[in-house]
Amino acid sequence: MSSSPNGEPLVRLSGVNKWFGELHVLQDIDLEIARGEVVVVIGPSGSGKSTLCRTINRLESIQKGEIAIDGEKLPEEGKQLARLRSDVGMVFQSFNLFAHKTILENVTLGPIKVRGKSKAEAEKHARELLERVGVSAQADKYPAQLSGGQQQRVAIARALAMDPKVMLFDEPTSALDPEMINEVLEVMIGLAGDGMTMIVVTHEMGFARRAANRVVFMDGGRIVESADPETFFTNPASDRAKDFLSKILNH
Amino acid sequence: MSFLADNFPLLRDAFLTTLALAVTSGICALVLGTLLTAMRVSPVAPLRAAATFYVEVFRNTPLTVVFFFLAFGIVEIDLQFPSRFISAVAALSLYTAAFVSEALRSGINSVPSGQAEAARALGLDFRQTLGTIVLPQAFRTVVPPLGNVWIALAKNTSIAAGFAVTDLTATLQRLANQNADQLLVVFMAIVVAYLIITLPSAWLIGVIERRTAILR
């Protein structure tokens, strides 16, 4: 897999700044993500990487700068924002499957409510997606009846059901038991292989090595370093990245 | 037992009056309380402030004072209810709506914020998120507290007895005054009549609670 940085970037952040009260969590972020590119964002906790991910579909607002998706500036509120969000898939750390809906309903809700698809059409597509992530047997169960790994795979299927242009993953394996991490990563690696544009906040260095085109290292609300995985892991340019890698790779 | 048979029409009418007070006020309070809750979670600040003011005033005022005001106080501003029954329904509804609103709001707060976030991330707008994801889950958690509000309301109707509504409690006073030798029987009959209203409610609340429970 190689990066395909042809044409206009699919996601573009320029001069993005965000404060939580006094805390300057995102400082002058410039980042461009090409169509089909898989970018892994890593960094110590509190570095702003999750916040960065959440600004891209405006679950977090920004105070300065501009974010554009597919050449379209992110709207502030209302119908326009809802429409743009429907093109951006999001997978959360804590899954956030709708607790009162079945697995199948979780996956069909967006296509029916937002895309106006018929129930039959949405269910057909949903079953294919559940098959693809390996949880088709659980379609009529409720989220709490599934393991964490299964729930997260359903969450990926739910996001894919909207045919998104880009997928955001906000620490998708951090809430999982160790033996369930791989089943989720396998699905994500498959997606990357199919050419999905992905922004992944994660601590899984194995995933970064196998599937990423680029690793973005953040610290203190800034992007410190951006490099291909091989370069980043074997020969990081900044001291902070070296320090971070020595802490996480020595165990 | 012939005593009860002799006074059956009186007891029956009193029971029906109490039931009518509770049910009518309950429906009005539910409608008003839901409206107040919608105001309290709305993005419009003056609406939130008005609803919060209302809830705090009525939640912290004794019900008897509300009754007094609606029975006598509003005459000062040239207003009067067409009947004492309607005056009692108004007092009970205005008062209970504050508690309904609090229960509903706690239900909305109990839905994890990730649920609304996931809905918004899919592209659902504010109304769809509230209607399909947040409120259906809020309602389920709110069944037990709403049940408590209903039972409290059923018993609060007894205050209407002090304002010339011939409900169960008024009838208790009347029968007890006239039949000192039958005091225990009178008490028993009245208590049973209240239980007929509240016990099935408690059972029904339990059933609804089990039916609508969601796994987390």
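The values are calculated or read from the model by the stated rules, or taken from the named source; none is laboratory data. Source: prediction; values computed, not measured. Counting neighbours? That spans all protein chains shown, and the Cβs are built from the backbone with ideal geometry, glycine included.
Residues that are crowded, with 24+ Cβ neighbours inside 10 Å and aliphatic (A, V, I, L, M) were ranked within the stretch A:81-92; the one that is farthest from the other protein chains (Cβ to nearest Cβ) is A:V91. Filtered by the rule that a residue be over 17 Å from A:R83 (Cβ atoms) and of a type in the set (A, V, I, L, M, F, W, C), the stretch B:119-133 gives B:L130, B:I133. So is A:V38 surrounded by 16 or more Cβ atoms within 10 Å (Cβ to Cβ), away from chain B (no Cβ under 14 Å) and touching a Ser or Thr at 6+ places or on another chain (Cβ under 8 Å) or not? Judged against the criteria, A:V38 is a match.
Considering B:G147, B:G107, B:G162, the condition of being without any contact (Cβ under 8 Å) to a residue 40 or more places away in the chain, under 20 Å from the mean Cα position of the chain (by Cα) and within 29 Å of B:P200 (Cα to Cα) is satisfied by B:G107 alone.
Among the residues making up the stretch A:93-124, those that are touching a helix residue (DSSP H, G or I) at 6+ places or on another chain (Cβ under 8 Å), more than 11 Å from chain B (Cβ to nearest Cβ) and within 21 Å of A:V184 (Cβ to Cβ) are A:I103, A:L104.
Of the helices (runs of 4 or more DSSP H) lying entirely inside the stretch A:138-251, the ones with 1 or more residues being more than 18 Å from the chain's Cα centre (by Cα) are found at A:178-193, A:229-234, A:239-249. For the stretch B:102-117, the tally of residues that are of a type in the set (V, I, T) and away from chain A (no Cβ under 11 Å) stands at 1.
Checking each residue in the stretch B:36-50 for being in a helix (DSSP H, G or I) and without any contact (Cβ under 8 Å) to a residue 60 or more places away in the chain picks out B:A38, B:M39, B:A45, B:P46, B:L47, B:R48, B:A49, B:A50.
Residues in the stretch A:105-138 that are farther than 30 Å from A:Q80 by Cβ and in contact with a Ser or Thr (Cβ under 7 Å, 6 or more places away or on another chain): A:R127, A:L130. Counting only helices (runs of 4 or more DSSP H) that sit wholly inside the stretch B:118-216, those with at least 1 residues that are surrounded by 14 or more Cβ atoms within 10 Å (Cβ to Cβ) and within 13 Å of chain A (Cβ to nearest Cβ) are B:135-156, B:183-212. Against the list (1) modelled with pLDDT of 95 or more; (2) more than 12 Å from the chain's Cα centre (by Cα), the condition A:G71 fails is (1). Quick check on the stretch A:113-122. Is at least one of its residues within 21 Å of B:G114 (Cβ to Cβ) and either in a strand (DSSP E or B) or not aromatic (F, W, Y) (or both)? For the stretch A:113-122, residues within 21 Å of B:G114 (Cβ to Cβ) and either in a strand (DSSP E or B) or not aromatic (F, W, Y) (or both): present. Scan the stretch A:49-68 for residues that are under 12 Å from the mean Cα position of the chain (by Cα), within 16 Å of A:D28 (Cα to Cα) and not in a helix (DSSP H, G or I) and the total you get is 1.
Answer yes or no: is there a residue in the stretch A:93-107 that is at positive phi and aromatic (F, W, Y). Within the stretch A:93-107, one or more residues are at positive phi and aromatic (F, W, Y). Answer yes if at least one residue in the stretch A:130-137 is out of contact with any strand residue (DSSP E or B) (no Cβ under 8 Å at 6 or more places or on another chain), among the acidic types (D, E) and part of a helix (DSSP H, G or I), and no otherwise. Checking the stretch A:130-137: at least one residue is out of contact with any strand residue (DSSP E or B) (no Cβ under 8 Å at 6 or more places or on another chain), among the acidic types (D, E) and part of a helix (DSSP H, G or I).
Being surrounded by fewer than 19 Cβ atoms within 10 Å (Cβ to Cβ) and either on the phi < 0 side of the Ramachandran plot or modelled with pLDDT under 95 (or both) is a property that holds for B:F68.
Within the stretch A:78-90, does at least one residue satisfy the condition of being assigned to a strand (DSSP E or B) and over 30 Å from A:I248 (Cα atoms)? There is at least one residue in the stretch A:78-90 that is assigned to a strand (DSSP E or B) and over 30 Å from A:I248 (Cα atoms). Would you mind stating whether B:S87 is in contact with a Leu (Cβ under 9 Å, 6 or more places away or on another chain), among the polar types (S, T, N, Q) and within 21 Å of B:A38 (Cα to Cα)? Against the criterion (in contact with a Leu (Cβ under 9 Å, 6 or more places away or on another chain), among the polar types (S, T, N, Q) and within 21 Å of B:A38 (Cα to Cα)), B:S87 does not qualify. Please enumerate the residues belonging to the stretch B:1-50 that are under 27 Å from B:A189 (Cα atoms) and of a type outside the set (A, V, I, L, M, F, W, C). Within the stretch B:1-50, B:S2, B:D6, B:N7, B:P9, B:R12, B:D13, B:T17, B:T18, B:T24, B:S25, B:G26 qualify. Residues in the stretch A:23-45 that are touching a residue at least 60 places away in the same chain (Cβ under 8 Å) and assigned to a loop (DSSP other than H, G, I, E, B): A:A34, A:R35, A:G36, A:E37, A:G43, A:P44. Just to be sure I understand the filter: pairs with C-beta atoms under 6 Å, separated by 6 or more residues or on different chains, first member in the stretch A:190-215 and closer than 18 Å to A:L249 by Cα, second member acidic (D, E). Which pairs pass? These pairs meet every condition: A:V201/A:D170; A:V201/A:E171.
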